[in-house]
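Trainee: Pasting a structure here, questions to come.
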Amino acid sequence: MKIGITGGIGSGKSYVCKLLAQRGIDVYDCDAAAKRLIRNSPRLRQQLKALIGSLDKADISRFLLASEENQQAVNAIVHPAVFQDFEESNMQWMESAIFFESGADKLVDRVVVVTAPEEVRIQRIMQRDGITREKALQWIARQWPQEQVKARADFEIVNDGQANLDNQIEKILTAITE
């Protein structure tokens, strides 16, 4: 069975994936894979440079935030490569912030969403990336609303800093294996 794990930026997906790793569950990280593939694939690098004009991280970030069309153009180049890499990895778990938006849900049997209150997410993003509140809100706005993702997921992990993550993960793992 293939399992997807998603949640908006700042929800704590990476932390939940670390907890899964402690249980011996390897999770395919779509963001890390995209960066690795872009770094190592001359074809992807050439396509992105032709589209954006630069492969500088700040330039790519500005390009992505400039418009929905820009984001879709980058995704049309990167997502197929990431999906193929996931399939070739033979891993069972895949993590992506834009799971449904990207079409990754078609590659898995079940989806787990990690949620957190918006203010918690904003603070996490600002602290992690050293960016302003405005920039954090821009990144959140680029993704589907949390409630929309939650409605399409099979399971939810609440990562608000209060709820017990281990208990939630155990319940999901039990439900998946039954």
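Every number in this text was worked out from the coordinates using simple rules, so none of it is lab data. Keep in mind the model is a prediction, meaning the values are calculated, not measured. Positions of Cβ are backbone-derived with ideal geometry, glycine not excepted, and every protein chain shown enters the neighbour counts.
Trainee: Using only helices, what value at 222 nm comes out for the chain when you add -39,500 (n - 2.57) per DSSP H run of length 4 or more and divide by the total residues, to the nearest 500 deg cm²/dmol?
Mentor: The helix contribution divided over the chain gives -18500 deg cm²/dmol.
Trainee: Once Lys and Arg get +1 and Asp and Glu get -1 on their Cβ, which of 177, 41, 93 lies farthest toward the positive end of the dipole of the chain?
Mentor: Selected residue: 41.
Trainee: At 7 Å along the Cα-to-beta-carbon direction for both residue 131 and residue 1, put a label point, then send me their distance in nm to one decimal.
Mentor: Rounded to a tenth, the inter-label distance reads 3.5 nm.
Trainee: Sticking with this structure for a sec: If each residue of separation counts as 0.36 nm, what is the full-extension length gain between residue 175 and residue 119 once their alpha-carbon separation is subtracted?
Mentor: Net length gain for the segment: 17.1 nm.
Trainee: Continuing with this model, one more query. Label-point separation (nm) for residue 138 and residue 39, each offset 7 Å from Cα along Cα-to-Cβ?
Mentor: In this crude label model, residue 138 to residue 39 measures out at 2.5 nm.
Trainee: Also, I was wondering about something else. Quick one: P(r) of the range 120-176 from all Cα-Cα pairs, 5 Å bins, percents rounded to integers, in order of increasing distance.
Mentor: The distribution over the range 120-176 is 4, 17, 18, 19, 20, 13, 8, 2, given as percents.
Trainee: While we're here: Picking from 161, 3, 77, whose Cα lies most toward the positive end of the charge dipole for the chain (charges on Cβ: Lys, Arg +1; Asp, Glu -1)?
Mentor: Ranked along the dipole, the leading option is 77.
Trainee: How large are Rg and Dmax for the chain when only the alpha carbon atoms are used, in Å?
Mentor: When restricted to the Cα atoms of the chain, Rg and Dmax are 16.3, 50 Å.
Trainee: Past 28 Å, Cα to Cα: identify those pairs from 35/106; 2/57; 2/49; 18/150; 57/150; 13/171, in the order given.
Mentor: Violating the 28 Å Cα-Cα cut-off are 2/57; 2/49; 57/150.
Trainee: State to the nearest 20 debye the size of the charge dipole of the chain about its Cα centre, where the only charges are +1 on K and R beta carbons and -1 on D and E beta carbons.
Mentor: Here the size comes out at about 580 debye.
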